[in-house]
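Since the structure comes first, as C-alpha coordinates, the remarks are kept for the end.
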Amino acid sequence: MILEIKGLKANIDTKPILNGIDLTLETGRIHALMGPNGSGKSTLSNVIMGHPAYEVTGGEVFLDGKNILEMATDERARLGLFMAFQYPVEIPGVTVGRFLKRATEIRSGSEGMNARSFIKELRSNMDFLEMDQQFINRYLNEGFSGGEKKRMEVLQMLMLKPSFAVLDETDSGLDIDALQIVAKGVNHLRSDAFGALIITHYQRILGHVKPDVVHIMYNGRIVTSGGEELAHTLEAQGYDWVRRQYGSPADAPKQTV
(Lines give C-alpha, C1' and ligand atoms only; values in the text may rest on other atoms or scores of the structure.)
Protein backbone atom coordinates (compact mmCIF):
# COMPACT_ATOMS: atom_id res chain seq x y z
CA MET A 1 0.00 0.00 0.00
CA ILE A 2 1.03 3.60 -0.57
CA LEU A 3 0.19 6.70 1.49
CA GLU A 4 0.80 9.73 -0.69
CA ILE A 5 0.75 13.31 0.58
CA LYS A 6 0.78 16.04 -2.08
CA GLY A 7 1.15 19.75 -1.39
CA LEU A 8 -0.62 19.49 1.95
CA LYS A 9 -1.41 22.78 3.67
CA ALA A 10 -3.27 23.17 6.95
CA ASN A 11 -4.22 25.81 9.53
CA ILE A 12 -5.27 25.81 13.13
CA ASP A 13 -7.28 28.82 14.34
CA THR A 14 -6.54 30.46 10.95
CA LYS A 15 -2.77 30.20 11.59
CA PRO A 16 -0.90 28.37 8.78
CA ILE A 17 1.07 25.41 10.13
CA LEU A 18 1.67 23.15 7.13
CA ASN A 19 3.01 25.01 4.13
CA GLY A 20 3.08 22.34 1.45
CA ILE A 21 4.01 18.81 2.52
CA ASP A 22 5.05 16.29 -0.11
CA LEU A 23 5.71 12.81 1.24
CA THR A 24 5.23 9.26 0.02
CA LEU A 25 5.14 6.33 2.44
CA GLU A 26 5.08 2.68 1.39
CA THR A 27 4.39 -0.44 3.39
CA GLY A 28 7.60 -2.30 4.03
CA ARG A 29 9.50 0.89 4.97
CA ILE A 30 10.01 2.85 8.17
CA HIS A 31 10.22 6.64 7.84
CA ALA A 32 11.42 8.96 10.60
CA LEU A 33 10.27 12.59 10.77
CA MET A 34 12.41 14.95 12.83
CA GLY A 35 12.39 18.69 13.40
CA PRO A 36 12.42 21.40 16.07
CA ASN A 37 9.39 22.31 18.17
CA GLY A 38 6.76 24.16 16.17
CA SER A 39 7.83 22.80 12.80
CA GLY A 40 4.47 21.09 12.20
CA LYS A 41 5.23 17.42 12.89
CA SER A 42 2.29 16.75 15.21
CA THR A 43 0.01 18.85 13.00
CA LEU A 44 0.87 16.57 10.09
CA SER A 45 -0.02 13.46 12.10
CA ASN A 46 -3.33 14.96 13.23
CA VAL A 47 -4.27 16.04 9.72
CA ILE A 48 -3.50 12.56 8.38
CA MET A 49 -5.93 11.11 10.93
CA GLY A 50 -8.61 13.79 10.45
CA HIS A 51 -8.49 15.80 13.69
CA PRO A 52 -11.37 18.30 13.43
CA ALA A 53 -9.38 21.19 14.96
CA TYR A 54 -7.22 21.44 11.84
CA GLU A 55 -8.39 23.00 8.60
CA VAL A 56 -6.92 21.62 5.39
CA THR A 57 -6.43 24.56 3.01
CA GLY A 58 -4.70 22.80 0.15
CA GLY A 59 -3.25 19.56 -1.15
CA GLU A 60 -4.32 15.94 -1.11
CA VAL A 61 -3.70 12.74 0.86
CA PHE A 62 -4.28 9.40 -0.84
CA LEU A 63 -4.20 5.90 0.59
CA ASP A 64 -3.90 3.47 -2.32
CA GLY A 65 -5.56 6.03 -4.58
CA LYS A 66 -8.41 6.89 -2.20
CA ASN A 67 -8.67 10.50 -1.05
CA ILE A 68 -8.79 10.13 2.72
CA LEU A 69 -9.31 13.87 3.33
CA GLU A 70 -12.94 13.26 2.40
CA MET A 71 -13.27 10.51 5.03
CA ALA A 72 -14.11 10.56 8.73
CA THR A 73 -11.42 9.47 11.18
CA ASP A 74 -13.02 6.07 11.79
CA GLU A 75 -13.13 5.41 8.04
CA ARG A 76 -9.41 6.12 7.79
CA ALA A 77 -8.75 3.73 10.66
CA ARG A 78 -10.81 1.00 9.01
CA LEU A 79 -8.63 1.35 5.90
CA GLY A 80 -5.54 0.63 7.98
CA LEU A 81 -4.28 3.94 9.41
CA PHE A 82 -3.26 4.07 13.05
CA MET A 83 -1.91 6.82 15.29
CA ALA A 84 -0.07 6.42 18.58
CA PHE A 85 -0.50 9.62 20.56
CA GLN A 86 2.14 11.62 22.37
CA TYR A 87 -0.38 12.20 25.18
CA PRO A 88 -2.90 9.32 25.25
CA VAL A 89 -6.15 10.31 26.95
CA GLU A 90 -7.92 8.47 29.75
CA ILE A 91 -11.28 6.87 28.92
CA PRO A 92 -13.07 6.05 32.18
CA GLY A 93 -15.80 3.44 32.14
CA VAL A 94 -14.34 1.44 29.23
CA THR A 95 -12.03 -1.44 30.07
CA VAL A 96 -8.94 -2.22 28.04
CA GLY A 97 -10.31 -5.64 27.10
CA ARG A 98 -13.70 -4.36 25.94
CA PHE A 99 -12.15 -1.45 24.02
CA LEU A 100 -9.66 -3.63 22.18
CA LYS A 101 -12.17 -6.36 21.36
CA ARG A 102 -14.58 -3.90 19.78
CA ALA A 103 -11.82 -2.03 17.93
CA THR A 104 -10.38 -5.31 16.62
CA GLU A 105 -13.81 -6.46 15.43
CA ILE A 106 -14.36 -3.22 13.52
CA ARG A 107 -10.88 -3.22 12.01
CA SER A 108 -11.15 -6.85 10.87
CA GLY A 109 -14.78 -6.62 9.83
CA SER A 110 -15.58 -9.63 12.03
CA GLU A 111 -18.58 -8.83 14.20
CA GLY A 112 -18.84 -11.05 17.25
CA MET A 113 -15.34 -12.51 16.95
CA ASN A 114 -14.49 -15.52 19.09
CA ALA A 115 -13.80 -14.25 22.60
CA ARG A 116 -11.44 -17.08 23.50
CA SER A 117 -9.15 -16.55 20.51
CA PHE A 118 -9.20 -12.78 21.08
CA ILE A 119 -8.19 -13.12 24.74
CA LYS A 120 -5.45 -15.60 23.80
CA GLU A 121 -3.97 -13.16 21.28
CA LEU A 122 -4.36 -10.21 23.67
CA ARG A 123 -2.60 -12.01 26.51
CA SER A 124 0.17 -13.11 24.17
CA ASN A 125 0.78 -9.55 23.02
CA MET A 126 0.70 -8.27 26.60
CA ASP A 127 3.33 -10.84 27.56
CA PHE A 128 5.41 -9.75 24.58
CA LEU A 129 5.24 -6.14 25.80
CA GLU A 130 5.86 -7.20 29.41
CA MET A 131 2.52 -5.81 30.59
CA ASP A 132 0.57 -6.87 33.68
CA GLN A 133 -2.35 -9.07 32.60
CA GLN A 134 -4.62 -7.30 35.09
CA PHE A 135 -4.61 -4.26 32.80
CA ILE A 136 -7.25 -6.07 30.73
CA ASN A 137 -9.88 -5.19 33.34
CA ARG A 138 -8.70 -1.63 34.04
CA TYR A 139 -10.28 1.41 32.44
CA LEU A 140 -8.35 2.55 29.39
CA ASN A 141 -5.35 4.67 30.46
CA GLU A 142 -7.05 5.68 33.72
CA GLY A 143 -4.37 6.00 36.39
CA PHE A 144 -1.70 4.68 34.01
CA SER A 145 1.83 6.05 34.20
CA GLY A 146 3.28 7.73 31.12
CA GLY A 147 5.19 4.60 30.19
CA GLU A 148 2.12 2.39 30.70
CA LYS A 149 0.09 4.62 28.40
CA LYS A 150 2.73 4.35 25.68
CA ARG A 151 2.83 0.56 26.00
CA MET A 152 -0.95 0.57 25.70
CA GLU A 153 -0.65 2.49 22.43
CA VAL A 154 1.72 -0.16 21.10
CA LEU A 155 -0.57 -2.95 22.34
CA GLN A 156 -3.42 -1.39 20.34
CA MET A 157 -1.16 -1.31 17.30
CA LEU A 158 -0.26 -4.99 17.68
CA MET A 159 -3.92 -5.97 18.00
CA LEU A 160 -5.22 -3.81 15.14
CA LYS A 161 -2.40 -4.65 12.70
CA PRO A 162 -2.56 -1.42 10.69
CA SER A 163 -1.07 -0.94 7.26
CA PHE A 164 0.44 2.40 8.33
CA ALA A 165 1.19 3.63 11.83
CA VAL A 166 2.01 7.21 12.76
CA LEU A 167 3.86 7.37 16.09
CA ASP A 168 3.67 10.94 17.32
CA GLU A 169 6.61 11.27 19.74
CA THR A 170 5.72 7.98 21.39
CA ASP A 171 9.27 7.94 22.76
CA SER A 172 8.91 11.21 24.71
CA GLY A 173 9.28 10.87 28.47
CA LEU A 174 10.23 7.18 28.37
CA ASP A 175 13.06 5.59 30.31
CA ILE A 176 15.36 3.25 28.41
CA ASP A 177 13.45 0.09 29.40
CA ALA A 178 10.09 1.46 28.23
CA LEU A 179 11.70 2.83 25.07
CA GLN A 180 13.05 -0.60 24.21
CA ILE A 181 9.62 -2.16 24.72
CA VAL A 182 7.98 0.40 22.38
CA ALA A 183 10.67 -0.26 19.76
CA LYS A 184 10.19 -4.00 20.21
CA GLY A 185 6.52 -3.64 19.30
CA VAL A 186 7.24 -1.63 16.15
CA ASN A 187 9.91 -4.08 15.03
CA HIS A 188 7.53 -6.98 15.65
CA LEU A 189 5.13 -5.58 13.05
CA ARG A 190 7.83 -4.68 10.56
CA SER A 191 7.04 -6.46 7.29
CA ASP A 192 6.09 -5.86 3.66
CA ALA A 193 2.51 -5.27 4.87
CA PHE A 194 3.38 -2.57 7.42
CA GLY A 195 4.83 0.92 7.20
CA ALA A 196 5.42 3.56 9.84
CA LEU A 197 6.13 7.25 10.26
CA ILE A 198 8.03 7.77 13.52
CA ILE A 199 7.85 11.40 14.65
CA THR A 200 10.61 12.19 17.11
CA HIS A 201 12.99 14.87 18.36
CA TYR A 202 15.73 12.43 19.24
CA GLN A 203 17.91 9.84 17.59
CA ARG A 204 17.67 7.38 20.47
CA ILE A 205 14.54 5.50 19.36
CA LEU A 206 16.06 5.22 15.90
CA GLY A 207 18.88 3.23 17.45
CA HIS A 208 16.28 0.56 18.23
CA VAL A 209 14.02 0.97 15.17
CA LYS A 210 16.25 1.46 12.15
CA PRO A 211 14.61 3.88 9.69
CA ASP A 212 14.83 3.42 5.94
CA VAL A 213 14.43 7.17 5.40
CA VAL A 214 14.84 10.22 7.65
CA HIS A 215 13.03 13.48 6.87
CA ILE A 216 13.71 16.88 8.42
CA MET A 217 10.75 19.22 8.86
CA TYR A 218 11.06 22.96 9.38
CA ASN A 219 8.56 25.81 9.05
CA GLY A 220 5.81 23.48 7.91
CA ARG A 221 7.75 21.80 5.12
CA ILE A 222 10.02 18.81 4.65
CA VAL A 223 13.27 20.55 3.81
CA THR A 224 15.56 17.56 3.30
CA SER A 225 15.51 13.77 3.37
CA GLY A 226 18.22 11.13 3.60
CA GLY A 227 19.36 7.98 5.27
CA GLU A 228 19.94 7.11 8.90
CA GLU A 229 23.07 9.26 8.95
CA LEU A 230 20.86 12.36 8.83
CA ALA A 231 19.58 11.55 12.34
CA HIS A 232 23.16 11.21 13.55
CA THR A 233 23.98 14.63 12.10
CA LEU A 234 21.09 16.14 14.06
CA GLU A 235 22.21 14.40 17.23
CA ALA A 236 25.71 15.83 16.83
CA GLN A 237 24.87 19.34 15.58
CA GLY A 238 21.35 20.05 16.78
CA TYR A 239 18.91 22.03 14.64
CA ASP A 240 21.01 25.19 14.25
CA TRP A 241 22.28 24.11 10.84
CA VAL A 242 18.69 23.48 9.72
CA ARG A 243 17.66 26.97 10.85
CA ARG A 244 20.64 28.54 9.09
CA GLN A 245 20.07 26.72 5.82
CA TYR A 246 16.26 26.80 5.74
CA GLY A 247 15.46 29.91 7.78
CA SER A 248 12.91 31.16 5.30
CA PRO A 249 9.88 28.96 4.44
CA ALA A 250 10.06 30.30 0.89
CA ASP A 251 13.55 28.78 0.50
CA ALA A 252 12.56 25.33 1.69
CA PRO A 253 12.51 22.84 -1.18
CA LYS A 254 9.83 20.18 -1.40
CA GLN A 255 11.23 16.64 -1.49
CA THR A 256 9.65 13.23 -1.70
CA VAL A 257 11.50 10.03 -0.93
### Message
Go through (1) modelled with pLDDT of 95 or more; (2) closer than 21 Å to residue 191 by Cα for residue 97 and report which single condition fails.
### Response
(2)
### Task
Search the range 239-257 for residues being under 23 Å from the mean Cα position of the chain (by Cα) and not hydrophobic (A, V, I, L, M, F, W, C), and hand back the single one that is modelled with the highest pLDDT.
239
### Query
Does the range 107-125 contain any residue that is surrounded by fewer than 17 Cβ atoms within 10 Å (Cβ to Cβ), in a helix (DSSP H, G or I) and among the aliphatic types (A, V, I, L, M)?
yes
### Residue pairs meeting the criteria (Cβ under 7 Å; at least 6 apart or on separate chains; first in contact (Cβ under 8 Å) with a residue 60 or more places away in the chain, in the range 230-244; second hydrophobic (A, V, I, L, M, F, W, C) and assigned to a helix (DSSP H, G or I))
231/206
### Total residues in the range 12-51, condition buried (at least 18 other Cβ atoms within 10 Å of the Cβ), farther than 20 Å from residue 189 by Cβ and among the aliphatic types (A, V, I, L, M)
7
### Task
Six or more apart or on different chains, Cβ under 9 Å: which pairs go from a residue in the range 2-14 that's closer than 14 Å to residue 41 by Cβ to one that's among the hydrophobic types (A, V, I, L, M, F, W, C) and surrounded by fewer than 20 Cβ atoms within 10 Å (Cβ to Cβ)? Could you list them?
5/62; 8/56; 8/69; 10/56; 12/53
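Can you say whether residue 129 is among the hydrophobic types (A, V, I, L, M, F, W, C) and touching an Asp or Glu at 6+ places or on another chain (Cβ under 8 Å), as far as the supplied structure shows? Walk me through how you get there before you give the answer.
On the way: among the hydrophobic types (A, V, I, L, M, F, W, C): yes; touching an Asp or Glu at 6+ places or on another chain (Cβ under 8 Å): no.
In short, no.
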### Query
With respect to the numbered conditions (1) at pLDDT below 95; (2) not in a helix (DSSP H, G or I), which one is the sole condition not fulfilled by residue 197?
(1)
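The values are calculated or read from the model by the stated rules, or taken from the named source; none is laboratory data. Every value quoted in this text rests on a predicted model; they were computed, and no experiment measured them. When we count neighbours, we look across all protein chains shown, and the Cβ atoms used for this are built from the backbone with ideal geometry, even at glycine.
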